[in-house]
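Here is the structure we will look at.
Since every read-out is calculated from the coordinates, none of them should be taken as a lab result. Note that this is a predicted model, so its numbers are computed, not measured. Positions of Cβ are generated from backbone atoms using ideal geometry, with glycine treated the same way; all protein chains shown enter the neighbour counts.
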Amino acid sequence: MNSIVAVVGRPNVGKSTLFNRMIKRREAIVDSASGVTRDRHYGKSDWNGREFTLIDTGGYVIGSDDVFEKEIDKQVELAIDEADVIIFVVDVITGITPMDEDVSKLLRKINKPVVLCVNKVDSNKNRTDALEFYNLGLGEYYSISATSGSGTGELLDAVVEKL
Ligand code: GDP
Ligand code: MG
């Protein structure tokens, strides 16, 4: 059985940094369906003996903040369809944005496991700031630093537990 884990979230939260840290090898799959360009990267990963395919979504919006929210929603909806578990990444340095709230609203409506991941928690001050993400109404979150790797083990434990 091939389980799928999708990494979603607005641009610049660190999805690709996390993806690159988690994968063992990248798959060259380019996919398109019903007029929507699925600009996604697929990679193979495993943790505690569980193999899964990881999807990095929204590659086409890298570095762009003026992306249409509609496009992000489309990416998130595609990911929700495909995935068994969704990692929703937010960023403690920026804090909660309206786009984060929109994505949360979408994710609260579905009945698939969502693992909330607060990225860029590089210091203890950030750890306190991260508490605001309880306001997204998604429950517990995992604090990580995708650049240093801290917290990613606990995040992966939570993800494979839900597969
Ligand atoms: P994406 O658009 O969500 O895929 O985000 P990227 O992975 O491209 O990262 C966006 C920016 O955030 C880059 O400049 C990264 O170096 C930075 N970044 C990613 N993870 C961390 C982190 O844990 N801490 C800090 N301080 N910056 C990070
Ligand atoms: Mg990216």
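Quick notes on this one:
- Each part reduced to its alpha carbon centroid, region 101-149 and region 5-22 end up 12 Å apart.
- Each other residue within a Cβ distance under 13 Å of residue 17 adds +1 if Lys or Arg and -1 if Asp or Glu, for a net charge of 0.
- Ranked packing of 43-49, 9-15, most packed first, by mean Cβ within 10 Å: 9-15, 43-49
- Label positions at residue 122 and residue 46, each projected 7 Å from the Cα along the C-beta direction, are separated by 3.4 nm.
- Neighbour-count ranking [beta-carbon atoms within 10 angstrom, fewest first] of 156, 138: 138, 156
- Formal net charge of residues neighbouring residue 48 (Cβ-Cβ distance under 10 Å; K, R +1; D, E -1): -2
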